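The values are calculated or read from the model by the stated rules, or taken from the named source; none is laboratory data. Since this is a predicted model, take the numbers as computed values, not measurements. Note that we place each Cβ from the backbone using ideal geometry, even for glycine, and neighbour counts take in every protein chain shown. With ligands, DNA and RNA removed, areas are computed over all heavy atoms of the protein, side chains included. Shrake-Rupley method; radii C 1.70, N 1.55, O 1.52, S 1.80 Å.
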Amino acid sequence: MIGSIILVLALACSTMAMVMYYLNFRGYKNTLNYGRISYHSMAMLVIVASTFLWYALLTHQYEYKYVFSYSNNSLTTGFLLASFWGGQEGSFMLWLLITSIIGIFLQSYTSKRDDLEPRVMTVFTLATTFLLLMVSPWFKNPFEFIWATPVFIDLKSINPDHLGLPFLKSFLFTDPNGGNSFIQANTELKNLLAGSGISFNQFIVDGRGLNPQLLNFWMQIHPPILFTGFGMTTVPFAFALAALMKNEYRDWIRQAFPWLLAGTGILGLGIMLGGYWAYEMLGWGGYWAWDPVENSSLIPWIVGLAGIHTLLVQRKSQNKGGIGKFAKTNLILCIFTYILVLYSTFLTRSGVLGDASVHSFVDPGMTVYLFLILFIGTFLLLGLGSIAYRWKSLTDEATGEESLLSRELALFTASVVLIASAIIVLVGTSAPLFGQSVDTFFYNEMQLPIAIIIGFLNGLSLLIKWKHTDKKDIIRKSIPSVTTAFVFTIALVLFGGVHDIILILLAFSMAFALIVNAEIAIKIIKGNRKMLGAYVAHIGIAVFILGVIGSSAYSRQVDVDLIKNETTTAFGYDMTFTGWTPIDNNTKYSFNIDVKKGDSEFKVKPVMYFSDFNNSLMRIPAILTLPTQDFYVSPVGYDEGTSNSNKNSKSISLKKGESTEFNGAQITFTSFNLGAETMAAMQEGRDFQMGAVFKLEKNGNEKDFELFRKSVGGKVEFTSFASEELDINIGLVSLSAGNIEITLSKLSDKSDDPSNHTKQEILSVSASVKPFISFVWIGIVVMVFGFFISMTRRLQESMKK
């Protein structure tokens, strides 16, 4: 109740601030201080409400539905704090909290710049008002009591001291399928408990907890950074609307530029931290799957990048007077960067991607669905309507004409290409709304040519001058960079095994961009370092793309069955499974693998455990990070002791096409049977099987048969084939992408004596190498660093008149 009251008061203050700021813009001078007081009051109330929610989580106040749903007693303090944003209500609350804090700095920033504050803050407080409505008691309120809407609570979460209460029988339900028993929490139960002197917080002693896929270190860091990027996109939108309100389009570029740079840098960092989280946690070995929810954050980031380049042109062209070039374009891009963040929110939280994305939230209900549409529609109508209203005033007043070989045209072309990239991702991401789906092949094939163009444009734009550049001058300047990039690409083809023409062109374009930016950056370090930001950011992007080429296009993977204390080799790494160790109070199991490569020895420990949260086997990979590549070991299953054969059996390893003889019969391993659905099932943690096809020949008779390696509930099972006519038994022991191991025995020699049987522990893993994947992470860090260097420079410029 207290939290809800605080949020309602904050909503009133936000609405008051919006009205007071707007009245000040309309000429009521005495309302400015009221607007400031109201905004700061709202921000403080949001901070207090957020602190109260954190307190409820840390002290296990399970009377709140949100606290019960996303936390439990076993979570560490870090994850209890992170459970703040574990669900829909909390993620909206986090967005509101960060946006409110950003607004405090924005109010101070705009108050020092002429009459900017009332216009910008009018728009900004409209955004906070909508966010406050979203977390209000009428929509996604994190302070809703657990009995307000009937909820079924597992008996294991109920205090056993109270299970003997006679009236509980009326609220007890049993799942006929799973056999679990539940108590239905509602207002009637709350009143009966209160009549017995028992509070709901005494009645419920544990919560449901977080989804096990969220129990990762980056859960504590990725969402706050991502939502900071979301909140920052509100600011350029507010500046664009403020310019349209006053019908003045010159100064807003200078004032909004540092915010757009910082917001785009933070949003890019947040997106890629999510990629690293997936790489470290999910076990499929990648960091970007073109998932619709991943894409929904990527789209506004790309549009923000496009806006940065056209803002540069408008800022530069203002030196000759007028509002500068691309005024309409910049207003539209700044508006759509925020609109697309709202669209991202709609896709993620409306439930429309429930069947298309592993990241999306469940359906929040028709009321919230309609409110999200209203949220997007209001800001879209406000933005585009204002541009339409001022269209005739947005005349390009920049003097002079540029040639085809001008930096202005190169930057504008780069923006157009980036927008094309965003549109492609937008179309693919929105396809599920129309009952369609888009394969990752679509994104890869469409985005690779765009990336090549961007690489060349990036390097070329820095070699040509503003307004006009002589062709001979461009050729002279570009020869060293083109030559070096060409040599690098040839070396990549010859020694790196890159033969795909598209990837060769991509590598050449990114090497060209990297070399051009590095040359200029080295010169700048010796001179005016504040100009360094753009070149550092471009270097980071080039390094990132080169890392993508190495890690994605040329990674290798193999499935290996590791028999305990026996060494198996994959990609030059000798792996020996030595046993398992219980961890986290015996709730998880760490599988110990000794890895040796050359003279270097390492230990990796992939983890598997069964999660009660979703009744599934969870697999956490182990990553061995080396200077030039990662060795990635993802657990698949574990067999604690499979009966292979008796003491008279023969064990043999075969590659595809090889044969062996036993008891007068020839056994040929002809092929693997690995369907496309097998890999998908492995990545999703579902049961799967892989087959090996054989031909058996004896006395002129032929027989084809198949043996299977099955993973069922994380347990590995192997099948066998027996023929009484041929007196032979063939059992599968190990199957990987390279070879298989089988046991051969005579049925007539089979003994029921347990002493004749051996047992072997087998850990099945998927091992892969990721060449130069460290370049992906290094490139992102360098890029973000470049954004903040540029932001610092543009922030200083914004103070100048």
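Pairs of Cα atoms under 8 Å, at least six residues apart: use those to get the relative contact order of the chain, whole percent. Working shown, then result.
Values: 1449 pairs, mean separation 86.9, N = 801.
Once divided by the residue count of the chain, the mean separation gives 11 percent.
Separation of region 470-514 and region 210-264 by C-alpha centroid, Å?
If you average the Cα positions of each part, the centres end up 35 Å apart.
Placing +1 at every Lys and Arg Cβ and -1 at every Asp and Glu Cβ, with all other atoms neutral, what dipole size does region 537-647 have around its Cα centre, in debye to the nearest 20?
Values: 9 positive and 12 negative charges, 21 e Å.
It comes to approximately 100 debye.
Among (i) 30.2; (ii) 31.7; (iii) 27.7, find the value of Kirkwood radius over Cα pairs in Å that was calculated from the structure presented, and write down its label.
(i)
Which order do the peptides 125-138, 658-671, 780-793 come out in when sorted by mean C-beta neighbours inside 10 angstrom, highest first? Working shown, then result.
Details: 125-138: 22.3, 658-671: 15.9, 780-793: 20.4.
Output ranking for 125-138, 658-671, 780-793: 125-138, 780-793, 658-671.
Would you mind working out the accessible area per residue for the chain, using a 1.4 Å probe, and quoting it in Å²?
Numbers: 35110 Å² over 801 residues.
I get 44 Å² per residue for this part.
Under unit Cβ charges (Lys, Arg +1; Asp, Glu -1), what dipole magnitude, rounded to 20 debye, does the chain have relative to its Cα centre?
Working: 61 positive and 60 negative charges, 889 e Å.
Dipole size: approximately 4280 debye.
What list of ³J(HN,Hα) values in whole Hz, one per residue of region 135-142 in order, does the Karplus curve 6.51 cos²θ - 1.76 cosθ + 1.60 (θ = phi - 60°) give from phi, with Gly and Pro shown as x?
Using θ = phi - 60°, the values come out as 9, 6, x, 8, 10, 9, 8, x Hz.
Taking 0.36 nm per residue of separation and subtracting the Cα-Cα distance, what length does fully extending ASP500 through THR149 add? Please report the intermediate quantities before stating the final value.
Details: separation 351, 0.36 × 351 = 126.36 nm, distance 5.73 nm.
Additional length available on full extension: 120.6 nm.
Given the options ILE153, SER317, ASN201, identify the residue whose Cα lies farthest towards the positive end of the charge dipole of the chain (+1 on Cβ of Lys, Arg; -1 on Cβ of Asp, Glu).
SER317
Placing +1 on the Cβ of each Lys and Arg and -1 on the Cβ of each Asp and Glu in the chain, which of LEU168, GLY90, LEU261 has its Cα farthest towards the positive end of the resulting dipole?
Of the listed residues, the answer is LEU261.
Would you work out the charge dipole size for region 1-153 about its Cα centre, treating the Cβ of every Lys and Arg as +1 and the Cβ of every Asp and Glu as -1, and quote it to the nearest 20 debye? Don't skip to the end; give the middle numbers.
Details: 8 positive and 6 negative charges, 80 e Å.
About 380 debye.
For every other residue with a beta carbon closer than 10 angstrom to the beta carbon of VAL693, add +1 if it is Lys or Arg and -1 if Asp or Glu, then tell me the sum.
On the way: positive: LYS656, LYS695; negative: ASP704, GLU706.
My count for the surroundings of VAL693 gives 0.
May I ask which residue of THR329, PRO300, ASN615 lies farthest towards the positive end of the charge dipole of the chain, with charges of +1 (Lys, Arg) and -1 (Asp, Glu) on Cβ and the Cα centre as origin?
It is THR329.
With each run of n ≥ 4 DSSP H residues scored as -39500 (n - 2.57), what mean residue ellipticity at 222 nm is computed for the chain after dividing by its residue count and rounding to the nearest 500 deg cm²/dmol? Numbers along the way, then the final one.
Working: 21 runs with 395 residues, N = 801.
Helix-only estimate at 222 nm: -17000 deg cm²/dmol.
Give the distance, in whole Å, between the Cα centre of region 139-157 and the Cα centre of region 687-704.
Comparing the Cα centres of region 139-157 and region 687-704, I get a distance of 56 Å.
Taking all protein chains as present, what is the carbon and sulfur share of the accessible area of the chain, in % to the nearest whole number, probe 1.4 Å?
Numbers: 20850 of 35110 Å².
Ligands and nucleic acids excluded, carbon and sulfur reach 59 percent.
In region 206-302, what GluC sites (Glu not before Pro) fall in a loop by DSSP, with at most 11 other Cβ atoms inside 10 Å? Can you show the working numbers first?
Values: sites: GLU248, GLU280, GLU294; in loops: GLU248.
For GluC sites (Glu not before Pro) across region 206-302 that sit outside H, G, I, E and B with at most 11 neighbouring Cβ atoms in 10 Å, the list is empty.
What FRET efficiency, computed as 1/(1 + (r/R0)^6) with R0 = 30 Å and r the Cβ-Cβ distance, is obtained for SER393 and THR413, rounded to the nearest 0.05? Mind dumping the intermediate values first?
Details: r = 26 Å, r/R0 = 0.88.
The value I calculate is 0.70.
So what are the ³J(HN,Hα) numbers for region 468-480, from phi and the Karplus equation (6.51, -1.76, 1.60; θ = phi - 60°), rounded to whole Hz, Gly and Pro as x?
For region 468-480, the Karplus curve yields 7, 9, 6, 4, 5, 5, 5, 4, 5, 6, 8, 4, x Hz.
Counting alpha carbon pairs within less than 8 Å and at least 6 residues apart, what relative contact order, in whole percent, applies to region 76-191? Spell out each step's value before the answer.
Details: 88 pairs, mean separation 24.1, N = 116.
This gives 21 percent for region 76-191.
Taking 0.36 nm per intervening residue step and subtracting the Cα-Cα distance, what contour gain separates GLN796 from THR670 on full extension? Write out the running numbers ahead of the final one.
On the way: separation 126, 0.36 × 126 = 45.36 nm, distance 7.05 nm.
Computed gain between GLN796 and THR670 is 38.3 nm.
Modelling each spin label as a point 7 Å along the Cα-to-Cβ direction, I'd like the GLU725/LYS465 distance in nm, to one decimal.
Spacing of the two 7 Å Cα→Cβ label points: 8.9 nm.
Can you list the residues, at least 5 places off or on another chain, whose amide H is less than 5 Å from the amide H of ASN673, using H built in the peptide plane?
Under 5 Å from the amide H of ASN673: GLY691, ALA692, VAL693.
Calculate, in nm to one decimal, what ASN565 and LYS320 gain on full extension: separation in residues at 0.36 nm each, minus their alpha carbon distance. Can you show the working numbers first?
Values: separation 245, 0.36 × 245 = 88.20 nm, distance 7.61 nm.
Full extension of this stretch gives 80.6 nm more.
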